[in-house]
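The next block holds one structure in the form of structure tokens; read it before the comments.
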Amino acid sequence: MEMIERDPTCDPYYDPPGWTPPKWRRTMSFFWESIAKPPGERRYVNKLDRGLLFYLMLSYFIKALDQRNINNAYVSGMKQALHLNGNQYNYFTTMFNCGYLAGSIPSQISLSFARPSIMIPSCELFWSVLVFVQCRASSDKYLYACRFLQGFAESICFPTMMMIIGSWYKPEEIAKRVVIWDMTSTIASMFSGYLQAAIYTNLNGVSGFAGWQWLFIIDGVISLPIALLGFFAIPDFPTTTRALWLTDRDKEYSIRRMTEVGKKGPKKMTVKRFWKILCGWRFWAFITPYAAYITGAGTYMNLWLQAEHYSVQMINILPTIGNAIALVSAYLFAILSDLTRWRWQLAIVTLLPYVFGNLVLGIWNVPFGLKFAANLVPSIGQPFFPLFMAWISDIFQDDTELRGYLPAIGNAVWYAQYAWFPVVAFPAQKAPHYPWGYWAALGLTILNIVGIYTCYLANMWDVKRRGQVVNKYGLYVDREDLVDYEQSSLGDVKGGYIGEVVQEVGDVDIERDSDLIVMKEK
């Protein structure tokens, strides 16, 4: 992939000297930080939001919609139509997970030879066709094949999109964007439930298709145009972008702002580099909490409602209450994360609702209202993954490929585990009561909490070992990567802004002096 060489010099259009936002902008920036940015930078960030973020939201929406529609179809007539009577419900998820597992690493390797702006939309087109053909399913084996191929195609999305977002946004911008992007999957779950309820009521039997078949057809119609949009909307990376919606001036500024943050551009992946990533402590330390994220509570609410003899419409609609809770929770957590930079701390907080839900459902013999709450309260913790990934984007800002391979291989490990775990811990024939499934999920959640804190301790050890310093964004960077274009030219780097306290990193004391950091050897 060709690297574009540009001179990242200061541009007053984006960074006007002496800019001070009005009070109302500072107040509104609590909800959306770009409101208080200088006009030029604000236009640039808004352009990223309209072009990159909006497309990624649409793409992730159809990914989640197409991934989860089979759950709604199963409880809306597909089970009876295909004579499914056992663990096929779990096997559909297992086959999807096996496909995802098989495609996770090859999809990231492919990015060394092809741009994300080509690979992601191409995979989206392929799985959109697969969604269409699932409406003609006549047996469980037909659906197994479709689900495997769909999982293989979708495996490129999450790690690559996360890598792209982390390459364009600053630390004070990223948590809200990652959360909003990730929460489109929650919106898709809500939409799928409402969509299936409406289809079952209005289209069941129309043109000879059952309601569950119409769900696949309509999902495919929604997916195709979004996939085509990706060829235009995805900008790749700041140093390799060919996006038509960014001007040359924007492209130069993109490199400058990411250099100032300390984020490095992509490098060609070689066997040596791949092996170095796999052998590094960073990779293995962060895989543990990644793989231990098994939610349990709330996942099988629709089967519980079915056992309680709710109508098809209510089975599809009631779980969306949890989706609504997740949306509100996600945005509040994102605001707090960007304001405080409490990444790992808030990630741990989001796991506590799962502790509650799994504990209550593990006990099981509790009042109906408490059981209902145990299925909904875990929705508060749905922002865990975006907050965790925002933290990874912050502390691994020096390695673009690691930010891609970590979620890719993490997903592979997670899906490998999830390929068998639901079948064993949450067998469909045992629904809605799983004697030990929720206890196992509770144990994994506690392991996740311990793993995150261990990652934090390991990262701080590495920071001290490397003698890193703090830049103006509060990120640890190598001393030679410390850049502040507001205070200096490329030839006279002085550092960045930090807080009022003295921070000690390795063998360097960092003090605040006239808003510049000063490094003093001990």
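The values are calculated or read from the model by the stated rules, or taken from the named source; none is laboratory data. What you see is a predicted model; the values in this text were computed from it and never measured. Quick reminder, even Gly has a Cβ in these numbers, built from the backbone with ideal geometry, and neighbours come from all protein chains shown. Heads up: the accessible areas ignore ligands, DNA and RNA and are worked out on the full protein's heavy atoms, side chains in. Shrake-Rupley method; radii C 1.70, N 1.55, O 1.52, S 1.80 Å.
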Report summary line: Only one of Pro319, Pro289 is at pLDDT 80 or above, closer than 12 Å to Ser379 by Cβ and not hydroxyl-bearing (Ser, Thr, Tyr), namely Pro319
Query raised in the report: Is it the case that some residue within the stretch 452-465 is at pLDDT 75 or above, within 18 Å of Thr94 (Cβ to Cβ) and under 24 Å from the mean Cα position of the chain (by Cα)?
Result: no
Query raised in the report: In the stretch 312-320, is there at least one residue being without any contact (Cβ under 8 Å) to a residue 24 or more places away in the chain and open to solvent by 20 Å² or more (accessible area, probe 1.4 Å)?
Result: yes
Requested in this report: Tally the residues that are in contact (Cβ under 8 Å) with a residue 60 or more places away in the chain, assigned to a helix (DSSP H, G or I) and open to solvent by 10 Å² or more (accessible area, probe 1.4 Å), restricting the search to the stretch 380-393.
Outcome: 1
Query raised in the report: Is at least one residue of the stretch 33-48 among the polar types (S, T, N, Q), surrounded by fewer than 19 Cβ atoms within 10 Å (Cβ to Cβ), closer than 15 Å to Tyr169 by Cα and free of Cβ contacts under 8 Å to residues at least 24 places away in the same chain?
Result: yes
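Name the helices (runs of 4 or more DSSP H) wholly inside the stretch 260-315 in which the number of residues that are within 27 Å of Tyr473 (Cβ to Cβ) is 1 or more.
Values: elements: 271-279, 281-291, 301-307.
So the answer is 271-279, 281-291.
With Ala408, Ala416, Ala334, Ala373 as the choices, which residue is open to solvent by 10 Å² or more (accessible area, probe 1.4 Å) and under 27 Å from Cys157 (Cβ atoms)?
Ala416
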Query - Leu246 being modelled with pLDDT of 80 or more, over 19 Å from the mean Cα position of the chain (by Cα) and either closer than 22 Å to Asn69 by Cα or surrounded by fewer than 19 Cβ atoms within 10 Å (Cβ to Cβ) (or both) - result: no
Report task. Read through the list (1) modelled with pLDDT under 80; (2) over 30 Å from Val463 (Cβ atoms); (3) open to solvent by less than 10 Å² (accessible area, probe 1.4 Å); (4) not aliphatic (A, V, I, L, M), then give the number of the only condition that Tyr194 fails. Result -> (3)
Query raised in the report: Do we have any residue at all in the stretch 360-371 that's touching a residue at least 24 places away in the same chain (Cβ under 8 Å), more than 23 Å from Leu101 (Cα to Cα), of a type in the set (A, V, I, L, M) and assigned to a helix (DSSP H, G or I)?
Result: yes
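Could you grab me the full set of residues in the stretch 324-367 that are among the polar types (S, T, N, Q) and closer than 23 Å to Thr299 by Cβ? Don't jump to the end; show me each part of the working.
Applying the first criterion (among the polar types (S, T, N, Q)) to the stretch 324-367 yields 329, 337, 340, 345, 350, 358, 365.
Passing the criteria: Ser329, Thr350, Asn358, Asn365.
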**Report entry** Filter result (aliphatic (A, V, I, L, M), assigned to a helix (DSSP H, G or I) and either modelled with pLDDT of 90 or more or within 30 Å of Gly77 (Cβ to Cβ) (or both)) within the stretch 108-147
**Finding:** Ile118, Met119, Ile120, Leu125, Val129, Leu130, Val131, Val133, Leu143, Ala145
